[in-house]
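Have a look at the structure below, then the notes.
The values are calculated or read from the model by the stated rules, or taken from the named source; none is laboratory data. Everything numeric in this text was worked out from a predicted model, so none of it was measured. Glycine gets a Cβ as well: all are built from the backbone with ideal geometry, and neighbour counts include every protein chain shown.
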């Protein structure tokens, strides 16, 4: 498979444009952001969507604690 062949050159990250419906897990979504950017988004999510109502697409869970 092509992805297996080019894996040695992977950065480990991804782009949101290339994620599909099977890639909604927060661990996968996290790879599309720098660590500080993802942390900022989880903080904003805790403020504006603490119940994680908007989680169906690319889920970024609210920061806890």
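Okay, residues lined up against (1) at positive phi; (2) at pLDDT 90 or above:
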site: 14; (1), (2): no, no
site: 17; (1), (2): no, no
site: 22; (1), (2): no, no
site: 45; (1), (2): no, yes
site: 55; (1), (2): no, no
site: 65; (1), (2): yes, no
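Here is a yes/no grid of residues against (1) free of Cβ contacts under 8 Å to residues at least 40 places away in the same chain; (2) out of contact with any helix residue (DSSP H, G or I) (no Cβ under 9 Å at 6 or more places or on another chain):
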residue	(1), (2)
7	yes, yes
13	yes, yes
16	no, no
20	yes, yes
35	yes, yes
51	yes, yes
62	yes, no
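Being at pLDDT below 85, surrounded by fewer than 11 Cβ atoms within 10 Å (Cβ to Cβ) and not in a helix (DSSP H, G or I) is the requirement here; does residue 51 meet it? The answer is no for residue 51.
Being surrounded by fewer than 12 Cβ atoms within 10 Å (Cβ to Cβ) and in a helix (DSSP H, G or I) is the filter here, so list the residues in region 17-42 that pass it. Result: 17, 18, 27, 35, 36, 37.
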